[in-house]
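Data first, discussion second: the structure below is written as structure tokens.
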């Protein structure tokens with residue numbers, strides 16, 4: 001007997017998990033439910049984050065993967081060392097890729113192979129802006 005399983009995919013750094021991440025993951029899970037699919041999430045490795053953003057993430061990759069994996073609806077979270085999730089997309093062959101609104105559909109890696117859904121960003125909610133606010137406002141300084 002052959003089993004045909006389909007996948008929905010999203011990816012990101014997921015450092016300082018915030019409501020923008022939650023909205024993307026919720027939309028990806030909703031899409032998976034609607035299409036009888038499983039949700040796969042790619043998580044940038046520490047090395048990948050350093051190359052792309054020019055700094056290390058706050059939390060190590062193993063913790064970020066564990067955090068994402070613990071979210072209801074996520075079937076599997078997997079780290080990737082490359083700058084893009086192209087390898088994971090080739091391996092999992094998702095029918096749909098869900099990304100945050102800081103991308104246009106044609107900029108999404110894998111857009112030529114899968115349908116792309118863009119979730120609008122939440123203004124002021126990115127890990128980078130949260131870190132900058134903490135630095136600016138001096139949280140933790142007595």
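Here are a few things to note about the model shown:
- In segment 15-51, the residues that are touching a helix residue (DSSP H, G or I) at 6+ places or on another chain (Cβ under 7 Å), at pLDDT 95 or above and either assigned to a loop (DSSP other than H, G, I, E, B) or within 13 Å of residue 94 (Cα to Cα) (or both): 38, 39, 40, 41, 42, 45
- Taking the listed residues 118, 97, 89, the one that is part of a strand (DSSP E or B) and surrounded by 19 or more Cβ atoms within 10 Å (Cβ to Cβ) is 97, with no other qualifying.
- Hits in segment 52-70 - residues which are under 21 Å from residue 103 (Cβ atoms) and at pLDDT 95 or above: 64, 68
- Residue 56 fulfils the conditions (1) assigned to a loop (DSSP other than H, G, I, E, B); (2) closer than 22 Å to residue 119 by Cα; (3) touching a helix residue (DSSP H, G or I) at 6+ places or on another chain (Cβ under 6 Å) except for a single criterion, (2).
- Flag for residue 137 being exposed (fewer than 15 other Cβ atoms within 10 Å of the Cβ) and under 13 Å from the mean Cα position of the chain (by Cα): no
- In the set (1) touching a strand residue (DSSP E or B) at 6+ places or on another chain (Cβ under 9 Å); (2) in contact (Cβ under 8 Å) with a residue 12 or more places away in the chain, residue 66 fails one condition alone, (2).
- Every residue from segment 35-45 that is in contact with a strand residue (DSSP E or B) (Cβ under 9 Å, 6 or more places away or on another chain) and either farther than 19 Å from residue 129 by Cα or surrounded by fewer than 23 Cβ atoms within 10 Å (Cβ to Cβ) (or both): 35, 37, 38, 39, 40, 41, 42, 43, 45
- Residue pairs meeting the criteria (Cβ under 6 Å; at least 6 apart or on separate chains; first without any contact (Cβ under 8 Å) to a residue 12 or more places away in the chain, in segment 41-61; second exposed (fewer than 14 other Cβ atoms within 10 Å of the Cβ) and outside any loop (DSSP other than H, G, I, E, B)): 56/50
- Only one of 9, 75 that is in contact with a strand residue (DSSP E or B) (Cβ under 7 Å, 6 or more places away or on another chain), assigned to a strand (DSSP E or B), modelled with pLDDT of 95 or more and crowded, with 18+ Cβ neighbours inside 10 Å: 9
- Just one of the numbered conditions (1) surrounded by fewer than 17 Cβ atoms within 10 Å (Cβ to Cβ); (2) in contact with a helix residue (DSSP H, G or I) (Cβ under 9 Å, 6 or more places away or on another chain); (3) over 26 Å from residue 123 (Cα atoms) is not true of residue 80: (1).
The values are calculated or read from the model by the stated rules, or taken from the named source; none is laboratory data. Keep in mind that what you see is a predicted model, and the values were worked out from it rather than measured. Quick reminder, even Gly has a Cβ in these numbers, built from the backbone with ideal geometry, and neighbours come from all protein chains shown.
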